[in-house]
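Undergrad: Here's a structure for you.
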Amino acid sequence: MAETGSYQEVIVVGGGPAGLMAAGQAASRGLRVVLLEKKHLPARKLGITGQGRCNLTNTAAMNDFLRSFGHGAKFMRFALGRFFNQDLVSFFDALGLETVEERGGRIFPRTQQASDVVRTLVGWVKESGVKIQSGRAVRQVVAEQGRVQGVVADRQGAKEEFVGTDNIIIATGGASFPATGSTGDGYALARALGHEIVPVYPGLVPLETAGDTAPMMQGLSLRNVQAGIYVQGKKQAQDFGEMLFTHFGVSGPIVLTLSREAVQALNRNQEVKLVIDLKPAVSHTALKSRISSRMHARGKRKISNILKEFLPIKMIPVFLEKSGIDPDKPGSELTSPEHKALRMWCKELCLDITGHRSFNEAIITSGGVKLSEVDPRTMQSRKVSGLYFAGEVLDIDADTGGYNLQAAFSTGWVAGNSVGAKKA
Ligand SMILES: Cc1cc2nc3c(=O)[nH]c(=O)nc-3n(C[C@H](O)[C@H](O)[C@H](O)COP(=O)(O)OP(=O)(O)OC[C@H]3O[C@@H](n4cnc5c(N)ncnc54)[C@H](O)[C@@H]3O)c2cc1C
């Protein structure tokens with residue numbers, strides 16, 4: 001039996017970017033806000049974003065920005081319309097955290113430290129008057145007759161406690177990188193209140209490949225390549241940029257982006273292939289004549305030497321082994337099927353995708369609280385009055401590039417400015 005504790009005007013569950021923004025906004029409107037965070041410190045995940053540099057948002061214009069959300073674009077239009085990329089940049093600027101724009105419109109803190117973003121955000125939340133209670137996991141949201149009544153939360157070294165309130169914002173994040181505290185609790189909390197949860201699966205996740213081709217090139221990263229995902233032989237998506245070979249398969253920015261289509265197809269038990277074009281700027285025809293002319297011009301040299309003009313060093317022994325070409329063979333003696341094998345390796349290096357990595361390695365979670373059951377103008381539940389959602393707990397996921405953090409901040413901003421509106 002939970003002990004009965006205090007009454008709060010607003011309870012925010014989860015201290016990630018969405019919960020912190022929501023709590024700070026609500027407190028800035030004069031509401032009494034308590035934020036309950038399961039871990040001993042808030043924003044653990046925010047602190048490791050962007051490989052420790054935190055890609056806060058993206059300068060893309062609204063329609064391009066929305067495109068990165070796939071099916072969630074329509075829902076996100078409202079939140080982004082109220083608090084968009086420039087608003088976020090100005091928000092942090094006003095708090096003394098300058099930002100810089102990098103390739104692809106990606107915005108980072110000038111200091112290149114995600115920890116500075118966390119420190120600035122948490123500092124602002126505390127100054128706004130929010131009481132942050134860390135080490136407190138919310139186990140249940142209590143509602144009666146379609147209205148929230150309060151939460152049951154852990155209390156260190158004591159019994160669970162019931163804390164009463166009329167307003168709850170669930171901002172518990174997804175289920176990826178669970179060591180940061182995001183273990184999917186919000187899905188169970190929402191489901192128990194009658195919300196439908198769109199099935200969740202790892203998003204922006206590395207992919208596993210068949211055979212030893214990729215593992216043999218482990219550690220090799222490629223720049224300016226194009227890769228496409230083929231499902232049952234049909235191209236579903238393609239992207240241009242960087243990728244990486246690993247001990248299990250492939251990773252890196254373009255693989256993470258393409259993983260959305262790949263994971264969905266794998267879930268349907270469909271055949272998935274990744275086809276990599278190492279030389280997207282050169283046509284098959286142009287490459288064919290370039291290979292012939294090089295083999296002719298450097299004819300006396302060993303093929304393993306000439307290949308340095310076509311392939312990264314780490315890839316050469318793998319290509320030679322897989323194509324069965326003798327590394328000592330002089331270039332002029334290469335047969336026409338061997339010329340073709342090199343061209344196909346350069347233009348259509350094909351890897352069978354057999355699976356994806358788990359939530360432990362996924363950047364985000366796809367699926368979550370069904371969007372049609374949440375009012376996008378306020379983030380309030382259409383099922384339970386006084387209940388709000390913000391951030392990744394919703395069925396929202398976007399490409400890499402700063403879009404996911406902007407989604408967390410924007411939905412948090414809207415929830416924080418809508419909660420308890422009648423009393424404000
Ligand atoms: C390695 C990595 C790098 C990333 N880099 C980027 C990037 O550079 N740019 C970008 O846009 N996105 C990035 N993302 C995605 C981005 O971090 C998330 O989309 C974002 O953090 C979601 O914010 P949130 O507030 O909804 O949830 P979270 O950040 O997951 O926060 C949820 C919080 O709720 C707490 N919580 C959970 N359950 C309970 C409970 N029962 N009671 C109390 N508290 C609870 C958790 O402890 C956690 O602190 C990255 C993700 C990962 C894993």
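The values are calculated or read from the model by the stated rules, or taken from the named source; none is laboratory data. Just so it is clear, the structure is predicted and the values come from calculations on it, not from any experiment. Cβ coordinates were reconstructed from backbone atoms using ideal geometry, including for glycine residues, and neighbour counts include every protein chain displayed. Only protein heavy atoms, including side chains, enter the accessible area calculation; ligands, DNA and RNA are left aside. Shrake-Rupley method; radii C 1.70, N 1.55, O 1.52, S 1.80 Å.
Undergrad: Where residues in the stretch 199-218 are over 20 Å from the mean Cα position of the chain (by Cα) and open to solvent by 50 Å² or more (accessible area, probe 1.4 Å), which of them is nearest to the ligand (Cβ to nearest atom)?
TA: If we take residues in the stretch 199-218 being over 20 Å from the mean Cα position of the chain (by Cα) and open to solvent by 50 Å² or more (accessible area, probe 1.4 Å), then Gln218 is nearest to the ligand (Cβ to nearest atom).
Undergrad: Report yes if Val393 is near the ligand (Cβ under 8 Å from one of its atoms) and open to solvent by less than 10 Å² (accessible area, probe 1.4 Å), otherwise no.
TA: Criteria met by Val393.
Undergrad: Only one residue in Leu334, Leu387 is in the same structural domain as Ala214 (by TED's automatic domain parsing) and either open to solvent by less than 40 Å² (accessible area, probe 1.4 Å) or out of contact with any Leu (no Cβ under 8 Å at 6 or more places or on another chain) (or both), so which one is that? First the steps, then the outcome.
TA: On the way: Leu387 fails: in the same structural domain as Ala214 (by TED's automatic domain parsing).
Unique residue meeting the criteria: Leu334.
Undergrad: Met21 passes all but one of (1) open to solvent by 10 Å² or more (accessible area, probe 1.4 Å); (2) within 9 Å of the ligand (Cβ to nearest atom); (3) more than 21 Å from Leu204 (Cβ to Cβ); which number fails?
TA: With respect to (1) open to solvent by 10 Å² or more (accessible area, probe 1.4 Å); (2) within 9 Å of the ligand (Cβ to nearest atom); (3) more than 21 Å from Leu204 (Cβ to Cβ), Met21 is out only on (1).
Undergrad: Here is a follow-up. Can you name the condition, by its number, that Arg377 falls short on among (1) surrounded by fewer than 17 Cβ atoms within 10 Å (Cβ to Cβ); (2) within 25 Å of Lys279 (Cα to Cα)?
TA: (2) is the only condition that Arg377 fails.
Undergrad: Shifting gears a bit: Return the total of residues in the stretch 194-205 being part of a loop (DSSP other than H, G, I, E, B) and farther than 10 Å from Val369 by Cβ.
TA: 3
Undergrad: Could we say that Val250 is of a type in the set (Val, Ile, Thr), closer than 30 Å to Ala421 by Cβ and touching a Leu at 6+ places or on another chain (Cβ under 6 Å) here?
TA: Values: of a type in the set (Val, Ile, Thr): yes; closer than 30 Å to Ala421 by Cβ: no; touching a Leu at 6+ places or on another chain (Cβ under 6 Å): yes.
No; evaluated as a whole, the condition is false for this residue.
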